[in-house]
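Reviewing the structure listed below.
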Amino acid sequence: MKRWWRGTKRYLSWRLRNPFAPYEDYYVHAVMRKVRGAGHPAIGPKSRPVRAQTELLDFLKRYGLQPGDVAVDYGCGSLRLGEALIGYLEPGKYWGVDITAEFYELGLQGMDADFVREKAPKLGVINPETLARVRADKPRFVASWHVCSKVPEARLDSYIGSIVSLLSPGSIALVHFPESAERRQLSGLAWSSPRSLIEKVARKLAPDADISFAPLIEGERDGIRQTLLVIRA
Ligand SMILES: C[S@@+](CC[C@H](N)C(=O)[O-])C[C@H]1O[C@@H](n2cnc3c(N)ncnc32)[C@H](O)[C@@H]1O
């Protein structure tokens, strides 16, 4: 309760100082505070994968990824999972996008400069111009790992809509989310969602797509499953 109250106070105080800023700015502010302090588990030099560094790559391969495909890491953070994907894909075929450049710049700083030069990953802040550039490259896959849980319910349309906007016939989006029976706040910055909510948003925004769900890992912990929303355009 104390932790929840501290988080709420912090958010309200930021909101008073930034009455018109989008929620995503608060997310960046809160995460960077941690990165500069004790470190953040998913962003920056202290980040570590929850499971394997190749988890995103392994899943995409399971869905048919080839080195010559263009793949988008939507909400790439500091490339914690993106690095393995960059390594697998041909030069210039990886797109990492996020709500701030600060996160992927931290990731680039931790990578071998020759590797980055050779692989030429494409990176950009999510906005209409970047999305148009990504779309022009005709991605075959759009994957979003550990991101959906960071999106408040009121912003889910915009998040999933933006992912759907990158799809073209034959392409696939894979969106990981923690699934629970009810929408539940997991921390100051994260929520789990019922499948019905995610499905409703996806069907509204991609009415002609084939929409299904698959487990990311088997089993349930504290009433939460790790699930993939699969959208086939
Ligand atoms: C826990 S990190 C995960 C980063 C990366 N996908 C990984 O697994 O290492 C969550 C990421 O989601 C991004 N994010 C939060 N809200 C977003 C939104 N509405 N659209 C796109 N990305 C978002 C954050 O900026 C952050 O990089």
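The values are calculated or read from the model by the stated rules, or taken from the named source; none is laboratory data. Computed from a predicted structure; not experimentally measured. Heads up, the Cβs are rebuilt from the backbone with ideal geometry, glycines too, and the neighbour counts pull from every protein chain shown. We work out accessible area using only protein heavy atoms, side chains counted, and drop any ligands, DNA or RNA first. Shrake-Rupley method; radii C 1.70, N 1.55, O 1.52, S 1.80 Å.
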>> Condition first: among the aliphatic types (A, V, I, L, M) and out of contact with any Gly (no Cβ under 8 Å at 6 or more places or on another chain). Now tell me which residues in region 202-233 satisfy that.
In response: ALA202, ALA206, ALA209, ILE211, ALA214, LEU216, ILE217, ILE224, LEU228, LEU229, VAL230, ILE231
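Would a scan of region 17-33 turn up a residue that is more than 12 Å from the ligand (Cβ to nearest atom), under 23 Å from VAL175 (Cα atoms), open to solvent by 20 Å² or more (accessible area, probe 1.4 Å) and without any contact (Cβ under 8 Å) to a residue 60 or more places away in the chain?
So far as region 17-33 goes, no, none of its residues is more than 12 Å from the ligand (Cβ to nearest atom), under 23 Å from VAL175 (Cα atoms), open to solvent by 20 Å² or more (accessible area, probe 1.4 Å) and without any contact (Cβ under 8 Å) to a residue 60 or more places away in the chain.
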> What do you reckon, is ALA38 more than 18 Å from TYR94 (Cβ to Cβ) and open to solvent by less than 50 Å² (accessible area, probe 1.4 Å)?
Replying inline: no
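Looking at SER158, SER165, SER212, can you tell me which residue is free of Cβ contacts under 8 Å to residues at least 60 places away in the same chain and touching a helix residue (DSSP H, G or I) at 6+ places or on another chain (Cβ under 8 Å)? Reasoning before the result, please.
Values: SER158 fails: touching a helix residue (DSSP H, G or I) at 6+ places or on another chain (Cβ under 8 Å); SER212 fails: touching a helix residue (DSSP H, G or I) at 6+ places or on another chain (Cβ under 8 Å).
The unique qualifying residue is SER165.
Just to check your reading of the model, which residue among LEU81, LEU106, LEU85, LEU123 is closer than 22 Å to MET32 by Cβ, within 11 Å of the ligand (Cβ to nearest atom) and touching a Phe, Trp or Tyr at 6+ places or on another chain (Cβ under 7 Å)?
On the way: LEU106 fails: touching a Phe, Trp or Tyr at 6+ places or on another chain (Cβ under 7 Å); LEU85 fails: closer than 22 Å to MET32 by Cβ; LEU123 fails: within 11 Å of the ligand (Cβ to nearest atom).
Residue meeting the stated conditions: LEU81.
If we only count strands (runs of 3 or more DSSP E) wholly inside region 125-218, which ones have 1 or more residues that are open to solvent by less than 40 Å² (accessible area, probe 1.4 Å)? Full working, then the answer.
Values: elements: 141-144, 172-179, 184-187, 190-192, 210-215.
Counting at least 1 such residues, we get 141-144, 172-179, 190-192, 210-215.
Out of curiosity, is ARG62 free of Cβ contacts under 8 Å to residues at least 60 places away in the same chain and touching a Pro at 6+ places or on another chain (Cβ under 7 Å)?
Values: free of Cβ contacts under 8 Å to residues at least 60 places away in the same chain: yes; touching a Pro at 6+ places or on another chain (Cβ under 7 Å): no.
Spelling it out, it is not the case that ARG62 is free of Cβ contacts under 8 Å to residues at least 60 places away in the same chain and touching a Pro at 6+ places or on another chain (Cβ under 7 Å).
State which residue is nearest to the ligand (Cβ to nearest atom) when the search covers only region 43-55 and only residues that are touching a residue at least 60 places away in the same chain (Cβ under 8 Å) and out of contact with any Pro (no Cβ under 9 Å at 6 or more places or on another chain).
The first filter runs over region 43-55 and keeps only residues touching a residue at least 60 places away in the same chain (Cβ under 8 Å), leaving 43-45, 50-51, 55.
Add one more test, that the residue is out of contact with any Pro (no Cβ under 9 Å at 6 or more places or on another chain), and what stays is 43-45, 51.
Numbers: ILE43: 6, GLY44: 10, PRO45: 13, ARG51: 10 Å.
That would be ILE43.
Here's the yes/no breakdown for (1) open to solvent by less than 30 Å² (accessible area, probe 1.4 Å); (2) among the basic types (Lys, Arg); (3) within 13 Å of PRO121 (Cα to Cα); (4) not in a loop (DSSP other than H, G, I, E, B):
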residue: ILE43; (1), (2), (3), (4): yes, no, no, no
residue: LYS46; (1), (2), (3), (4): no, yes, no, no
residue: VAL50; (1), (2), (3), (4): no, no, no, no
residue: GLN53; (1), (2), (3), (4): no, no, no, no
residue: VAL72; (1), (2), (3), (4): yes, no, yes, yes
residue: GLY77; (1), (2), (3), (4): yes, no, no, no
residue: GLU83; (1), (2), (3), (4): no, no, yes, yes
residue: GLU90; (1), (2), (3), (4): no, no, yes, no
